[in-house]
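The values are calculated or read from the model by the stated rules, or taken from the named source; none is laboratory data. A quick note: this is a predicted structure, and the numbers were derived from the prediction, not measured. All Cβ positions, glycine included, derive from the backbone under ideal geometry; neighbour counts span all protein chains shown. Ligands, DNA and RNA are stripped out before the accessible areas are found, and what is left, the full protein with its side chains, is counted by its heavy atoms. Shrake-Rupley method; radii C 1.70, N 1.55, O 1.52, S 1.80 Å.
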Amino acid sequence: MMSLEQLAGLLESHRQAASALVREYSIGGQSFAFNSAPAIMGVINLSPDSWYRESVCLSAERAIERGRVLHAQGAHILDIGAESTLAQAARLDEAAQSSKLLPVVKALAAEGLLVSVETYQAQVARACLEAGAKVINLTGTQEASEIFRLAAAHEAAVILCFVQGPNVREVGEFDMSGDVVGRMRDYFSALADLARQNGVERILLDPGLGFYYRNLQDSAVRVRHQMMTFLQTFRLRDLGFPVCHALPHAFEYFGEDVRCAEPFFAVLAALGKTDLFRTHEVSRVRAVLETLRVL
């Protein structure tokens, strides 16, 4: 059971990091004041394998309409993915992903909406940036240098995801030994340096709370890890970059009320000073964040 004593001890151990400020950017002409106002990223899934049914769009027309709805609900960025990270999901090559993504990216960008594309493949990133995407949600490192150069050329932002493997589709067991957040900090420090060396100026960090690791299939282990990582997010802020979190679902605990899970985790993420909340439930998470700001 989480307690005030635990939270107080966590803060006392890392008080200097808790007061650190992060960089604030203009992305695609939209300004983000992360130090004073968190932002929301709404999710559009183009893969039929994605389990969060409310976010799945099986046609470009449906995806475009969902993008408009999410924007109206308060999403500052729309994150589009063509390949699910579920272990049993179909793998798509670059051409197949691009054929799904491009009509949606082009249409939403043409309407002035800020579009992010989730990928770890340079060919997909290139096509989507040329189509108007302004954020690359980078979920692997095999082609990172090339993707960084592409992002720099298009003045795009890059979200660096912590992945223990070449990409989110090729991972084994998550190393939970020792100070996990400390290792994340070292990982992000090195990867951000590489991004900046290749010209990227707008960088965000994602601790990567994915359910795709084999040893995180146990719900209690996974949720405990997720909650503690949310609360310790502020420890990454002294790197100077805003932090993005993908909010999880904890279906095993929420059951038929699973759509309430992401708003619950948003509270923990907010306490940990998260800057960008990636969610399938934009209106619910927006309400949570606005309520927290009343204090």
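For segment 216-251, how many residues meet the condition of being outside any loop (DSSP other than H, G, I, E, B) and out of contact with any helix residue (DSSP H, G or I) (no Cβ under 8 Å at 6 or more places or on another chain)? Steps first, please.
So in segment 216-251, the residues outside any loop (DSSP other than H, G, I, E, B) come out as 216, 219-231, 233-239, 243-246, 251.
Applying the additional criterion that residues be out of contact with any helix residue (DSSP H, G or I) (no Cβ under 8 Å at 6 or more places or on another chain) yields 220, 224, 228, 244, 246.
So the answer is 5.
The conditions are (1) open to solvent by 20 Å² or more (accessible area, probe 1.4 Å); (2) at pLDDT below 95, and Thr229 fails exactly one of them. Which is it?
Only one criterion is unmet by Thr229, namely (1).
So, in segment 275-294, exactly how many residues are open to solvent by 10 Å² or more (accessible area, probe 1.4 Å) and within 16 Å of Ser116 (Cβ to Cβ)?
Counting residues in segment 275-294 that are open to solvent by 10 Å² or more (accessible area, probe 1.4 Å) and within 16 Å of Ser116 (Cβ to Cβ) gives 2.
The conditions are (1) within 23 Å of Leu46 (Cβ to Cβ); (2) open to solvent by 40 Å² or more (accessible area, probe 1.4 Å), and Ala125 fails exactly one of them. Which is it?
It is condition (2) that Ala125 fails.
Looking at segment 100-122, which of its residues are at pLDDT below 95 and either open to solvent by 40 Å² or more (accessible area, probe 1.4 Å) or aliphatic (A, V, I, L, M) (or both)?
Lys100
Which pairs turn up if I take residues in segment 240-262 that are over 15 Å from Arg222 (Cβ atoms) and look for partners that are in a loop (DSSP other than H, G, I, E, B) and β-branched (Val, Ile, Thr) with beta carbon separation below 7 Å, at least 6 apart in sequence or on another chain?
Sorted first by the residue in segment 240-262, then by its partner, the pairs are Gly240/Val22; Phe241/Val22; Pro242/Val22; Val243/Thr274.
Select from segment 151-179 the residues that are touching a helix residue (DSSP H, G or I) at 6+ places or on another chain (Cβ under 8 Å) and closer than 19 Å to Ala190 by Cα and write down the one among them that is modelled with the lowest pLDDT.
Asp175
Among the candidates Val285, Val294, which residue alone is more than 13 Å from the chain's Cα centre (by Cα), hydrophobic (A, V, I, L, M, F, W, C) and in a helix (DSSP H, G or I)?
Working: Val294 fails: in a helix (DSSP H, G or I).
From the options Val285, Val294, the qualifying one is Val285.
Could you list all residues from segment 232-264 that are at pLDDT below 90, open to solvent by 50 Å² or more (accessible area, probe 1.4 Å), of a type outside the set (A, V, I, L, M, F, W, C) and over 24 Å from Ser116 (Cβ atoms)?
Glu252, Tyr253, Glu256, Asp257
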